[in-house]
Amino acid sequence: MKFISDIIQIETTGDTDILDITPIVTDIVRKYQVKTGTCLLFVPGSTGALTTIEFESGVIQDLKDAIERAAPKGIPYAHDKRWGDGNGYSHVRAALIGPSLNVPISEGGLMLGTWQQIVLLDFDNRPRTRRILAQILSE
């Protein structure tokens, strides 16, 4: 077994920024010539998340709308009362989606569905430099 670590760095705008990182993850798999294995992705921090979607404008808007319904910006959050930073909603949103994703690798490629892409979601209320940790376990 072989263990590989890499770091992806992305500039975001915040406020439910949804970014396709599939090409970057694909490049990492190719760079290390991984044929079979699994790629764990993890975004440190409590206001970012990772998931998969069909990365097209309709689904992106639908996901943003669903997230707004689940954890709206315009309501009081105890976090905001305690810290005064106005991003209580972003912590709740990130917790609902989750900070990590595990993607199988086979025949040198990510085992994603035809219309499935890996996305980073930045829920914070300001731009950020996000790091995504990529750890690959391969044969």
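Here are some notes:
- Residue identified as touching a residue at least 12 places away in the same chain (Cβ under 8 Å) and under 19 Å from ASP124 (Cα atoms) among ILE4, ILE8: ILE8
- Applying a threshold of 8 Å to beta carbon distances and a minimum spacing of six or more residues, or different chains, the list of pairs starting in region 64-90 at a residue that is on the phi > 0 side of the Ramachandran plot and ending at one that is among the charged types (D, E, K, R) and part of a helix (DSSP H, G or I) reads GLY86/ASP80.
- Scanning region 1-26 for residues that are under 17 Å from ASN102 (Cα atoms) and of a type in the set (D, E, K, R), we see that the one that is surrounded by the most Cβ atoms within 10 Å (Cβ to Cβ) is ASP6.
- Region 30-57 - residue that is hydroxyl-bearing (Ser, Thr, Tyr) and touching a residue at least 12 places away in the same chain (Cβ under 8 Å) and, of those, surrounded by the fewest Cβ atoms within 10 Å (Cβ to Cβ): THR36
- Test: ASP80 is surrounded by 11 or more Cβ atoms within 10 Å (Cβ to Cβ), part of a helix (DSSP H, G or I) and not polar (S, T, N, Q): yes
- Verdict on ASP65 being out of contact with any Pro (no Cβ under 8 Å at 6 or more places or on another chain), modelled with pLDDT of 95 or more, buried (at least 17 other Cβ atoms within 10 Å of the Cβ) and of a type in the set (D, E, K, R): no
- Any chance ILE18 is in contact (Cβ under 8 Å) with a residue 24 or more places away in the chain and either over 20 Å from GLY108 (Cα atoms) or touching a Cys at 6+ places or on another chain (Cβ under 9 Å) (or both): yes
The values are calculated or read from the model by the stated rules, or taken from the named source; none is laboratory data. Since we're looking at a predicted model, the values are computed, not measured. Methodologically, a virtual Cβ is constructed for each residue, glycine included, from the backbone with ideal geometry; neighbour enumeration extends over all protein chains shown.
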